[in-house]
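Heads up: the structure comes next, in structure tokens.
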Amino acid sequence: MTNVRSAGIPARPHTPSSVASIHQGALGWGKPGLAWIPLVVLAAWYLWEVAGPDRLPQNLDLMLQYVPNAAHIARGLSQWHIPLWNPWQGGGMPFAADPGTGAWYVPNWPLLAGLNLWSAVRISIWSHLAIAIAGTWFCLRHGVRVGPVAAMAGTATFTLTPWLPGLAGMPVVLTSLAWMPWVVFAGLQLATLSRPSARLIGLLATSTALQLASGWPAGAYLSWLTIGGAVLLGHGRANDRLTHRLRRVIPGFAATGLLATAMSAVVLVPGAEFVAETTYVSTRPLERLATDGYLTLLSWLRPSSGVGAVEGGQVSVGIVALCLAMIAPAILWRTSHRDRLIIWGGLAVVSILLSWGTRTPLFGLLYTWLPGFRILYLPARLGIIGAFALSVLAASVVDALDQPPSAGRDQPSLPPLIYTRFAATCGLLAVLPVMMILQFWHSEGYDDFRRLLTNLWRITGTPFLSVGQEVHAFGFGLVVLAILTWNQRRQLPRAAVLLAIAVIADLGSLRLMTQTVSFNPDAWYAPAYATARTLSPRIGHDRYLGLVWHDDDLPRHFLGDFPDSARTGQLPPNLGLLTTTRDAQGYNPLILRTAATAFAKVGNDDDHWLWANRFDPAGLIPLAVRAIVMSEERSASGPRASLTTSTSGEAGAGYQHNAPSSNPLQATRDWRVTTVDLGQATADCCSEVPIWTATGNPVLTGQLEAITFLGEGTGVAQGQTAAEIRLTGPDGTMATYPLRAGIETAEWAWDRPDVRSVVKHGQAPVALVTRMVSAVGGRFDTYEYRATIPVSLPGGIASATLRSTIPGVRVHLTHLAMHPPANQEMWVREAWASEASINQAGLGSAAWASEASIYQVGLGSAAWGMIAVSPARPPATDDDSPWPASRLRVVPPDAGTANWVTDDPEHLVVSATLTANATIVVADSAYPGWRVSIDGTPGAGGFSRSAYSEASMNQAGLGSEAWGKEQGNRSPDVPFGRLIPVPAGDHLIEMTFNPPSTRLGLIVSGVGVMVAAFLIAIRPSPLHRV
């Protein structure tokens, strides 16, 4: 009988048989089969409510992106091909070349081809969570080399805390992260070999290629960052010098990277071409990350929402695992597991610092200098590496308590662990609050210490951390300390099992506190299909505008309170892809530059969405918009403004929120058409910032509309001028218009508790309400405010500038437009279809008619009651003026006619009868992969991305180099589309989309797959471990 110490903890005497029983795990939990039971139960518990029969997770990404993308892939598979082009969003865009669609993710193909759409999505979610659980288990068991009990605890920590199952609402992210443990496992195994293993190279390349093709390539980058960090911190051979270790592992990793790149070339090659045509680089500067998704220390304490929480700044791994990871230094430092502490503890610290984003210089350095790092974009995504590292640390602590002591010798000892824990706990209690306060201050940019202190109460007993969550964290923290203290005093044979049970219980409790929401896809999407059946024959080959804005008490963007606002009968963005109807609007992280330019003319300033903020004919006609889908349920009260007097009698406190003003704006069924957009700007005190300068004739004056908000303006008094808009006429005459706090503008987060308690002005008339989710502030509404200012300058406006007048206050002007004088206004009269007219025309059910109406212009249907745009206000009810919106036009119009023969997504055929040389204009996005033939002659015609101009016409005939090139002379009537010069006569013009980049990618991927299959299938050579 030998007296031993294990993991730095004094041990009582054990017989060899008792040592073996401890090592195998008490109560049989050390058996791998039994350890899987709680993982399966917890996974089913998480997913059943959100992805059970007739349910799918209620999340914007799934409802408006993943499901429509999956539907498009399923339609293509039913015709035995992968869809290469998406004609249903914006002006059309590449589909298979978009890395975010997951079109080339082979594991989903059998599901989409063999099952109905909802079942395929549901089974994909379940199967990929199972893949993540199995991969984490194997990585911990065979990569990190912990026991079954520890593997169960670590697997639950990474895969079954609310954040990862919550990504069921973001399936492409879940799909990619499901393969992350497998990639890390294969990478760690490869790093331990003295020479590369062909089979491991094949397996690692295959799992990496699956991540790249999954629809979220950033997951592969995270996986390789994890492997690279582990190798740099010492994984592989503890006594190796770093340079020797790198020389040993780089050949294998380089071969793997080349093979993975080859296997996923069908994604990467067309994807690189696609990204080069988008606004991706120009819209993702480092400075913007200061306000985008990041984590704070509080993010690790707040339970995730369960609906895609990483994007919202929440990556909770459970309080038990967090406690185990924090005490890992005291448990592991003087044991054989010290290398795990250095590797995974180092990764955890670095990734947590990186997840703070620009609040530390480290993220900025990597974002600027590390190749590919920009693909991660949101700093919060680095928290995924931190979550994995914390799960490994927690598993290592459990494993240290579950392993038998080494036979024949004592382990190095520490001072009594109870004192070490006490000192570490006191240190954390002293340091963490200070760090949290500093993070609050730095993250929110508080303008005074009083605001900071008033905000800190939101940490406790509020929606950020509710009382129940605080009790849960405190209770399970005490359970962990109790188990470890008891183990210190009595050397518990079941300490590891008890800690693993505590992990499962902790996660089960978090599940009870997690808000999981789901929806019935059949019921939710049914109105969209009904609208599409009615709308399609009405718009023909052209486009419509679906839901973007809705109006209850305040005008709201539909994203502000999604999904309550997303009446699918009004076809919100991307549902056109589901229902195969052409919506001019749509969401995609990658936006073609040509489409972004076209949508800028109708008020769009977003880098992920294409939508119309104004119904301006000059912008909508080139986009071939023929119909606008609107709601009947309009508010009778219209926008409301706050009272301009204090309810407490004290200046600067307690303004009523949304109290009716003495003269509330009246709702109208007329939508004003903005004809001149002057732009946007942001100004700090006290210099002037240019907004707009005329490049041609000056703009006529009328009603100036300014949408603004203040940043850090809580100290601005009611009625105090916060900014000035200065307009200059062509003769140098200037006019200055003030933006006063509480009258024309106001603080952006006016109603947030910490702001409302100190703000010194009321709210101005609200233009837009948006729901925000902050890593610090939780959920709250933000506001933009509308000011309407009569302007009269002789000769019109030649330029406009913005100036902030108060130091420390930033003024944001998000939209400045000039409405023309009353005698030149353009209006759109909403004409509603009644149930009777719908039913008599046979266009849909009464239930659908009560939900939405389609306002359509230029078709003259009496049953529809459609009214056209007219230069008078309001237009006559029987006005059927034509709306010249069409995807197919001849320029100049008197040169002939053109008609559709075939209008398929990747194959267009047009017949043209021309009396003179002309340009055929197809109002779709121009893209390099489209090829044009005229009368069956390939390459006889090209297309230009610019508008028609006389100078660009080749009067001599076809085939001139100038015909296929982009022209610089743009005409205002056709600023968007594909322009095909065609000579006089009768012609058949054919356009096909089969880009060379896709063909090259397929060939390279085919070769890569064969090489990987060969490497995996060959008999492996003996592994030389060092």
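The values are calculated or read from the model by the stated rules, or taken from the named source; none is laboratory data. Because the structure is a prediction, the values reported are computed rather than measured. Cβ placement follows ideal geometry from the backbone for every residue including glycine, while neighbour counts extend to all protein chains displayed.
Scanning the range 705-736 for residues that are over 23 Å from TRP750 (Cβ atoms), not hydroxyl-bearing (Ser, Thr, Tyr) and not in a loop (DSSP other than H, G, I, E, B) returns ARG726, LEU727, MET734, ALA735.
I'm checking my understanding of the structure. Among residues of the range 349-369 that are in a helix (DSSP H, G or I) and buried (at least 22 other Cβ atoms within 10 Å of the Cβ), which one is modelled with the highest pLDDT? It would help to see each step written out before you state the result.
Step one: filter the range 349-369 for residues in a helix (DSSP H, G or I), giving 349-355, 357-359, 361-369.
Adding the requirement that they be buried (at least 22 other Cβ atoms within 10 Å of the Cβ) leaves 351-352, 354-355, 357, 363.
On the way: SER351: 92, ILE352: 88, LEU354: 89, SER355: 86, GLY357: 81, PHE363: 85.
It comes out as SER351.
When you look at ASP903, is it in a loop (DSSP other than H, G, I, E, B) and closer than 29 Å to ILE591 by Cα, yes or no?
no
Among THR721, THR788, THR733, which is the only one that is touching a residue at least 12 places away in the same chain (Cβ under 8 Å), in contact with an Asp or Glu (Cβ under 6 Å, 6 or more places away or on another chain) and surrounded by fewer than 21 Cβ atoms within 10 Å (Cβ to Cβ)? Quick ask: steps written out before the conclusion?
Values: THR721 fails: in contact with an Asp or Glu (Cβ under 6 Å, 6 or more places away or on another chain); THR733 fails: in contact with an Asp or Glu (Cβ under 6 Å, 6 or more places away or on another chain).
One residue alone meets the criteria, THR788.
Only a single criterion out of (1) within 22 Å of VAL172 (Cα to Cα); (2) modelled with pLDDT of 75 or more; (3) in a loop (DSSP other than H, G, I, E, B); (4) in contact with a helix residue (DSSP H, G or I) (Cβ under 8 Å, 6 or more places away or on another chain) is not satisfied by ALA262, namely (3). State yes or no: is ILE82 β-branched (Val, Ile, Thr) and under 30 Å from ARG593 (Cα atoms)? So ILE82 fits the description; yes. The residues on offer are THR136, THR192, and the sole one that is among the polar types (S, T, N, Q), modelled with pLDDT of 90 or more and either assigned by TED's automatic domain parsing to the domain that holds ALA505 or surrounded by fewer than 24 Cβ atoms within 10 Å (Cβ to Cβ) (or both) is THR136. Of everything in the range 739-754 that is touching a residue at least 60 places away in the same chain (Cβ under 8 Å) and surrounded by fewer than 24 Cβ atoms within 10 Å (Cβ to Cβ), the residue that is nearest to ILE725 (Cα to Cα) is ILE743. Of all residues assigned to the range 147-157, none qualifies as being closer than 25 Å to ARG122 by Cβ and either outside any helix (DSSP H, G or I) or free of Cβ contacts under 8 Å to residues at least 40 places away in the same chain (or both). When restricted to residues that are within 17 Å of ASP903 (Cβ to Cβ) and among the hydrophobic types (A, V, I, L, M, F, W, C), the range 73-100 contains 5.
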